[in-house]
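Participant: Can you read through this structure? Questions will come right after.
The values are calculated or read from the model by the stated rules, or taken from the named source; none is laboratory data. The shown structure was predicted, so the numbers you read here are calculated from the model rather than taken from an experiment. Here the Cβ positions follow ideal geometry from the backbone for every residue, glycine too, while neighbour counts run over all protein chains shown. Calculation scope for accessible area: heavy atoms of the full protein, side chains included, ligands and nucleic acids excluded. Shrake-Rupley method; radii C 1.70, N 1.55, O 1.52, S 1.80 Å.
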Amino acid sequence: MSVKIRGLNKLLDELETKLGKQGMQRISDKALINAANEFVRVLKSEFQSFRDTGASINEITITGPLWEQGTRTIKIHWTGPKGRYRIIHLNEWGTIKNPNPRGKGAVARAMKNSEQAYRDAVRKAIKGGL
């Protein structure tokens, strides 16, 4: 399924002329941070189903807004003393010996479940910035 939105570039250009480049970046950063926090909340609830020590939940980290390939981005990754980043992909995709672990697809489910919350966070940040 695809959606074609017309006039979005014109709307963004008008907002940029009204608020300025810095104002638009401030609004987009706020929207990204709010959306990332909502996604992390959903991700943590998905990880509760196969929680053992809680290290995978505790090591979820959000970077600040940064430029990546010309777009403003926030990265969500695993950083901490337990090194859970090494096994997150094993829980997400499974292995040859364990093709269906308890947490299989948790990140994908969290992404799907937080889509509407992301849109709401962006909408709220734009309304708040105007």
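Participant: Consider region 93-130. How many of its residues are of a type in the set (A, V, I, L, M, F, W, C) and exposed (fewer than 11 other Cβ atoms within 10 Å of the Cβ)?
Facilitator: So in region 93-130, the residues of a type in the set (A, V, I, L, M, F, W, C) come out as 93, 96, 106-108, 110-111, 117, 121-122, 125-126, 130.
Filter once more, so that each one left must be exposed (fewer than 11 other Cβ atoms within 10 Å of the Cβ): 96, 130.
The qualifying residues number 2.
Participant: A further question follows. In this structure, does Lys21 turn out to be among the basic types (Lys, Arg), free of Cβ contacts under 8 Å to residues at least 24 places away in the same chain and open to solvent by 90 Å² or more (accessible area, probe 1.4 Å)? Quick ask: steps written out before the conclusion?
Facilitator: Numbers: among the basic types (Lys, Arg): yes; free of Cβ contacts under 8 Å to residues at least 24 places away in the same chain: yes; open to solvent by 90 Å² or more (accessible area, probe 1.4 Å): yes.
Answer is yes for this residue.
Participant: Something else about it: For region 90-111, enumerate the residues that are over 29 Å from Lys30 (Cα atoms) and either without any contact (Cβ under 8 Å) to a residue 12 or more places away in the chain or basic (Lys, Arg) (or both).
Facilitator: Leu90, Trp93, Gly94, Thr95, Ile96, Lys97, Asn98, Pro99, Asn100, Arg102, Lys104, listed by residue number.
Participant: Using the structure shown, decide if His77 is free of Cβ contacts under 8 Å to residues at least 24 places away in the same chain and closer than 21 Å to Ala35 by Cα.
Facilitator: Details: free of Cβ contacts under 8 Å to residues at least 24 places away in the same chain: yes; closer than 21 Å to Ala35 by Cα: yes.
So His77 fits the description; yes.
Participant: Go through region 50-92 and give me each residue that's at pLDDT 85 or above, loosely packed, with under 15 Cβ neighbours inside 10 Å and aromatic (Phe, Trp, Tyr).
Facilitator: Passing the criteria: only Trp67.
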